[in-house]
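For reference, the structure discussed in these notes is given below.
Just so you know, all these numbers are worked out from the coordinates, no wet-lab data involved. All values derive from a computational prediction rather than experimental measurement. Here the Cβ positions follow ideal geometry from the backbone for every residue, glycine too, while neighbour counts run over all protein chains shown.
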Amino acid sequence: MTAHQIVRVHRVLAQSPSDLSGVKALVEQGLLNPKDIVAVMGKTEGNGCVNDHTRHFASMAWCHYLSAHLNCTPEQAHDQVALVMSGGTEGVLSPHFTVFSRQWVEPPAKRKEARLAIGVAQTRAFEPWEMGRMAQIEETAQAVRMAMREAHIASSEDVHFVQIKCPLLTMEKIQAAQKASQSVVTHETYESMAYSRGASALGVALALGEVHADQLGDQVVLRDMHLFSSRASVSAGIELENNVVVVLGMSSASSSELMIDHTVMKDAIDAASVTALVSKYRAAQSLDTSQHPKAFKLVNVLAKAEASPNGQIRNLRHTMLDDSDINATRHARAAVGGVLASITGDTALYVSGGAEHQGPAGGGPVCILFGS
């Protein structure tokens, strides 16, 4: 009989990228066992661009902390726990960590409804000339399928969010490719973030059946924006050379108290879609006729944000792509973060910029983690 998993999610505020005091407090209170942590999604207060070292700083802090509890080196801790650090908390967004822990237990005697499940996997390291191309797409798709199997998520329809951390090109990697007589997808390091995110997102789409293999090729990345995943969220960074994959979904082999669902924002100001999603579960909870109904509890919101590539939002011009002082991804995070905060009344939200092939152009996937 398949063992069941119990997934717990803690959202912990951070005063700096290396501030794990809130995590340590949970451990001391017996609310979190470091050995059970399988993934951490962090929002750090850097610029989210190529030189955002707050992501690496946060990852290092976590690796050193976890290594003491996992009896391994910091490098090995990075391989054992999926660390996804997303830079940029512009606007009202508040720096924080979303910590996923998992325990395996005997299945209950009475079958329950599906609940939150998590699976993690990693690809091999990519050569510089593989980033943004089919190699990254195919390896990512394989890792997503592996993570689904680990989570005992039976169908792609039960997957609601796939969070990926992917690498980018630096000048050193570009020069290494030139020495090896290999071409890279771009010589612009910032643009390489978009290519890496886009290829990774298409890998998710391939794994979940949102696109077919015969639709894909090197030439479609960042070009055919009609191809996308409605459940992919990808963040690029300098702190790794491979893709780290976290699959979140619903499984009947889960005994968690939490659940997950998703929607897609059609553009950066699509509050209606998110409001409808949250309201559906709030309304269902209010209709609970049990003797002691519990209140709906929103644990966190995970979202992608993007400056519309056609320069317009609902037929009105925006200037995010023309600002030479502040990058468009920073504008987008601030805009979407403000919209989501107005809906939830909360600012410690995971909003990641750069949604290439992640939802429709100018929009992006949004998921809610909730319980009662």
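Overview of values
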item: Of MET193, MET134, MET85, the one that fluctuates the most in a GNM where the chain has Cα springs shorter than 10 Å; result: MET134
item: Length added when fully stretched, ALA295-SER155, from 0.36 nm per residue minus Cα-Cα; result: 47.4 nm
item: Rounded to whole Hz, the Karplus (6.51, -1.76, 1.60) HN-Hα couplings of the stretch 243-249, x for glycine and proline; result: 9, 9, 10, 10, 9, 10, x
item: Label-point separation in nm, ALA283 to LEU31, each point 7 Å along Cα→Cβ; result: 3.2
item: Residue order, fewest to most surrounding Cβ atoms within 10 angstrom, among GLU106, GLU188, GLU356; result: GLU106, GLU188, GLU356
item: ³J(HN,Hα), Karplus 6.51/-1.76/1.60, whole Hz, each residue of the stretch 314-323, x for Gly, Pro; result: 6, 6, 10, 5, 10, 10, 4, 7, 9, 7
item: Fewest-first sequence of TRP104, TRP62 by Cβ atoms within 10 Å of each Cβ; result: TRP104, TRP62
item: Rounded FRET efficiency, nearest 0.05, which uses the C-beta distance separating ALA3 from SER324 and R0 of 51 Å; result: 0.40
item: Fraction of alpha-carbon pairs over 21 Å apart in the stretch 113-256 - percent; result: 41
item: Sum of -39500 (n - 2.57) over DSSP H runs of 4+, divided by residues of the chain (222 nm, nearest 500); result: -9500 deg cm²/dmol
item: The stretch 113-256: relative contact order as a whole-number percent, Cα under 8 Å and 6+ apart; result: 48
item: Taking the stretch 257-371 and dividing mean pair separation by its residue count, relative contact order in percent (alpha carbons under 8 Å, at least six apart); result: 46
item: GNM result for the chain, Cα springs below 10 Å: residue of LEU206, LEU83, LEU31 fluctuating most strongly; result: LEU31
item: Highest-fluctuation residue, ASP224, ASP36, ASP270 considered, GNM on the chain with Cα pairs under 10 Å; result: ASP224
item: P(r) histogram, all alpha-carbon pairs of the chain included - 20 Å bins from 0, percent; result: 30, 60, 9, 0
item: Relative contact order computed over the chain (Cα-Cα under 8 Å; 6+ residues apart), in percent; result: 22
item: Leading residue at positive end of dipole, the stretch 257-371 (Cβ point charges), from ASN310, ALA283, GLY345; result: ALA283
item: Check: the chain dipole with +1 on Lys, Arg Cβ and -1 on Asp, Glu Cβ, in debye; result: 1020
item: Residue order, fewest to most surrounding Cβ atoms within 10 angstrom, among HIS212, HIS262, HIS64, HIS96; result: HIS212, HIS64, HIS262, HIS96
item: Spatial separation of Cα centroids for the stretch 214-236 and the stretch 1-65, in angstrom; result: 29
item: For the stretch 145-288, size of Cβ-based charge dipole, Lys and Arg +1, Asp and Glu -1, in debye; result: 80
item: Cα pair count fraction exceeding 23 Å, expressed as % - the stretch 257-371; result: 32
item: Beta bridges by DSSP in the stretch 1-106, antiparallel share as percent, to the nearest 5; result: 75
item: For the stretch 1-108, alpha-carbon Rg and Dmax in angstrom; result: 14.6, 48
